[in-house]
Amino acid sequence: MCAEKTSRVRFYLFLVGVVLTLSGAYGVVPLVSSLNVEEAIGSLTLAIGYALAIPSTFLVPAVAAAFGIRTVVVIAATCYFLFVLGNVYTAYYTLIPAAVFFGVSDGWYWSSGSIVANNFAMEISKNEPGTYEKRRRLFTGIFFAASHTGTVFGSAVSVVFLFVDRQLSGRSNFTTNRDFSFCGANDCQDPNITLANIEQYTPAFVATRYSLIAFLAGLIIIAVILYRVNLPVEAGRSEVDRTNRETINTSSDITTTPSNDDEAATANQNSTPFQVIAKSLKSTLKLLITSKHLLIMWLAIYGGMTLSFFNGEITRAFVSCVLGVDKVGVAVILLASGEAMTAYVGGKVNGKYGRNYPFAFAFVLDVSSYVVCLNWQITENTTWVIYILSFMFGMSDGLWQSQTNEMYGSFFRDDNKQALVAWNIMYEVGLATQFAISKALCVWQKIYLQIALMAVAGILYGVAYYIFVWRLREEKIFENRTGPSSNHILTISERL
């Protein structure tokens with residue numbers, strides 16, 4: 001019991017680190033496309049960063065196996081710190097290196113954070129048989145809720161700094177007698193229009209930018225120290241994985257064979273770091289091309305594109321263009337509040353009823369948001385709609401992130417670490433794609449692209465659900481009547 005309490009305390013301290021890390025990093029990310037709007041260098045920075053996150057994610061299992069998951073988390077947070085510092089000045093020589101650091105940090109942090117949450121679920125479930133699966137789903141939701149809480153705090157910090165900047169400069173009323181025809185869905189990033197309205201996108205005083213960046217970077221430093229002190233050093237990782245396997249087998253009603261994760265951990269014990277990396281890459285690539293993954297990956301890609309649509313398009317074309325850059329933080333607070341709420345509630349609902357209900361709600365939210373974006377006639381009296389949109393996008397993104405992450409863990413139960421890496425890769429593909437096409441398409445064209453991708457992703461998930469869930473459920477019902485014929489059949493609730 002004492003060990004369980006210690007594990008819970010360490011998990012909560014880990015969540016504090018998550019909040020601080022993402023407060024610093026994602027207090028900056030939504031501002032990048034606005035602060036660096038000239039020549040669309042901000043969107044280019046994020047496009048490069050998310051593109052680099054894809055190959056960097058492949059290294060997570062290998063680095064974790066060789067040096068421990070704590071090392072991965074610490075390196076990722078440190079790279080977030082360097083990314084934040086890179087945004088202190090708008091220039092290629094500062095932002096391109098920042099993009100590289102962001103690629104490493106975003107590729108490593110989300111995968112490693114999910115693995116840490118899963119490890120804590122295993123550890124705490126050791127003395128509570130039958131609770132691991134439910135706890136895994138719950139802890140996944142809590143991890144993402146903490147992530148979005150960090151975004152809320154970081155955005156609140158940016159709101160305070162930029163509000164003071166606006167008040168001191170006298171730029172406090174941007175919506176009076178303005179032409180909004182080039183904002184919203186009609187935004188096409190015309191460079192002449194951008195330069196004519198540059199005051200909408202940048203702080204009035206350069207000292208505001210320096211102070212904001214310094215404060216947010218300081219939060220990440222505190223988080224790095226917390227990770228170093230709190231997260232355990234994973235010496236003897238094969239023993240850890242063996243214990244985790246025993247926990248899974250005794251704390252759920254799944255009868256399993258040794259997983260690929262366990263076999264890999266045993267093989268890695270006597271391998272060089274380069275051999276571990278090569279084996280990890282091979283395992284991840286093998287998973288990526290399975291028919292099961294080819295069907296479900298589109299939901300993760302869509303989730304990534306939706307988040308980058310908000311961070312790149314909504315913050316610039318709707319918030320900054322209409323209200324000014326100082327209101328971006330307010331919109332992101334509403335986004336992250338919606339994310340945190342639905343990530344937590346979605347985890348609860350998933351644990352009891354499965355992920356299909358959260359998915360359906362997310363579809364409805366996104367369709368409604370896109371319809372508003374396409375048909376909203378922006379006027380001085382309707383600018384409040386932006387805040388409603390932000391919260392709606394937040395609620396849907398909280399579900400897409402947490403539920404697709406949990407979906408990967410469930411569909412690839414025997415390759416859990418590789419599955420979480422694959423999820424992060426697909427999410428980064430979506431994020432990079434949206435930023436890569438940012439300057440090529442108008443906002444209204446991107447909205448129709450989002451709708452089309454959402455429809456295709458939903459259909460393919462339905463096919464995967466029928467093949468790998470519904471049919472297995474029918475087999476389970478049949479075997480309950482005639483006797484078991486397999487040692488690896490999951491319960492209905494675990495397959496949903």
- Query: Relative contact order (percent) for the stretch 356-432, with alpha-carbon contacts under 8 angstrom and 6 or more residues of separation?
  - Reply: 34 percent
- Message: Checking the table K279/K417; K327/K439; K126/K292; K134/K348 against a 19 Å threshold on Cα-Cα, which pairs fail?
- Response: K327/K439; K126/K292
- Taking the alpha-carbon centroid of each part, what is the distance from the stretch 335-366 to the stretch 89-164 in angstrom? 17 Å
- Query: On average, how much accessible surface per residue is there in the stretch 50-144, in Å², for a 1.4 Å probe, leaving out ligands, DNA and RNA?
  - Reply: 30 Å²
- Task: Quickly work out the N186-to-T382 label distance, labels modelled 7 Å from Cα along the C-beta direction, and quote it in nm with one decimal.
- Result: 1.2 nm
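The values are calculated or read from the model by the stated rules, or taken from the named source; none is laboratory data. Here the structure is a predicted model, which means the values were calculated and not measured. When we count neighbours, we look across all protein chains shown, and the Cβ atoms used for this are built from the backbone with ideal geometry, even at glycine. When the accessible area is computed, the model is the full protein with side chains, heavy atoms only, and any ligands, DNA or RNA have been set aside. Shrake-Rupley method; radii C 1.70, N 1.55, O 1.52, S 1.80 Å.
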